[in-house]
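**Q** Provided herewith is a single structure, encoded as structure tokens, for subsequent inquiry.
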Amino acid sequence: MIVKVVVFGATGNVGQRVVAEALRRGHEVAGVVRDPAAVQSPDSRVDLVKGDATNAADVARVSRGADAVVSAISPRPNTRGLPAPSLAANSRAVIKGLREAGVKRVLYVGGASSLEVAPGKALADLPDFPAIYREEAREGREALDIWRNEAQGLDWTYLSPAAEIAPGNRTGKYRTTSDKLLVDDKGKSFITFEDYAVAVLDELERPRHVGKRFGVAY
């Protein structure tokens, strides 16, 4: 049973929605950020703890006693000048830190670029994939490989969003996929941050994709 959830990147676009959804369901939440003095908690019930998600010792320290961990850090530099964290370093630190802390259940917020648009061809392989996101896409694929090959002993899940994710309504509805990019009948691949967070908590409460990647979209 999930009672306490630790969320890395708790003030980010995904993290703050995951915090809200976890609280909505009655869970205890701890938020972890690199600079808690510089940001505001997304909810007065959640204290922000200082921690670096690319440092295994930090991960172990803040995760002890948790029932589940969500890694929702952004692969981009933040507005306060902190550099973009390495998703590979983040993945390996979370894996090592959770082993040290004795926490098995972890959900990793991944990207959509590694989802397939055709057999053997990922979204990021398309010629019109935006160049500005290519490095981020490479990092996301590397992180997925690390979870698949190095996370033995953990109950991990890697969750890819739709190709587009943005603020919007919480409907509680979404479709799931394994490795194929989901699109609607108009060819659009979209989900709101709010419904992505619903999928995160649904998976933590009723695991269906342990040791796997899955994706969500409308």
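The values are calculated or read from the model by the stated rules, or taken from the named source; none is laboratory data. Since the structure is predicted, the reported quantities are computational estimates derived from the model, not experimental observations. Reconstructed Cβ throughout: ideal geometry from the backbone, glycine too, with neighbour counts over all protein chains shown. Protein only, heavy atoms only, side chains kept; ligands, DNA and RNA dropped before computing areas. Shrake-Rupley method; radii C 1.70, N 1.55, O 1.52, S 1.80 Å.
**Q** If you take the residues in segment 108-134 that are of a type in the set (Val, Ile, Thr) and touching a helix residue (DSSP H, G or I) at 6+ places or on another chain (Cβ under 6 Å), which one is modelled with the lowest pLDDT? Break it down into steps so the answer makes sense when it comes.
**A** The first filter runs over segment 108-134 and keeps only residues of a type in the set (Val, Ile, Thr), leaving 109, 117, 132.
From the residues that got through so far, the ones that are touching a helix residue (DSSP H, G or I) at 6+ places or on another chain (Cβ under 6 Å) too are 109, 117.
On the way: VAL109: 97, VAL117: 93.
Among them, the one singled out is VAL117.
**Q** Taking segment 170-200, which residues are assigned to a loop (DSSP other than H, G, I, E, B) and hydrophobic (A, V, I, L, M, F, W, C)?
**A** Residues satisfying the conditions are LEU181, LEU182, VAL183.
**Q** Something else: With touching a helix residue (DSSP H, G or I) at 6+ places or on another chain (Cβ under 9 Å), free of Cβ contacts under 8 Å to residues at least 40 places away in the same chain and within 17 Å of VAL6 (Cα to Cα) as the only criterion, which of ARG64, ARG105 stands out?
**A** After ruling out the rest, the residue left standing is ARG64.
**Q** Let me ask something else. Quick check on GLY31: is it modelled with pLDDT of 95 or more, open to solvent by 60 Å² or more (accessible area, probe 1.4 Å), outside any helix (DSSP H, G or I) and touching a helix residue (DSSP H, G or I) at 6+ places or on another chain (Cβ under 9 Å)?
**A** no
**Q** Can you report the number of residues in segment 173-211 which are more than 16 Å from VAL117 (Cα to Cα) and either in contact (Cβ under 8 Å) with a residue 40 or more places away in the chain or crowded, with 17+ Cβ neighbours inside 10 Å (or both)? Steps first, answer last, please.
**A** If we filter segment 173-211 for residues that are more than 16 Å from VAL117 (Cα to Cα), which is where we start, we get 173-175, 191-211.
Cutting the leftovers down to either in contact (Cβ under 8 Å) with a residue 40 or more places away in the chain or crowded, with 17+ Cβ neighbours inside 10 Å (or both) gives us 173-175, 191-205, 207, 209-211.
So the answer is 22.
**Q** In the set TRP156, TRP147, which member is in a helix (DSSP H, G or I), of a type in the set (Phe, Trp, Tyr) and in contact with a Phe, Trp or Tyr (Cβ under 8 Å, 6 or more places away or on another chain)?
**A** After applying the criteria, what remains is TRP147.
**Q** Okay, moving on. Which residue, of VAL70, VAL117, is at negative phi, assigned to a strand (DSSP E or B) and open to solvent by 50 Å² or more (accessible area, probe 1.4 Å)?
**A** So the residue among VAL70, VAL117 that is at negative phi, assigned to a strand (DSSP E or B) and open to solvent by 50 Å² or more (accessible area, probe 1.4 Å) is VAL117.
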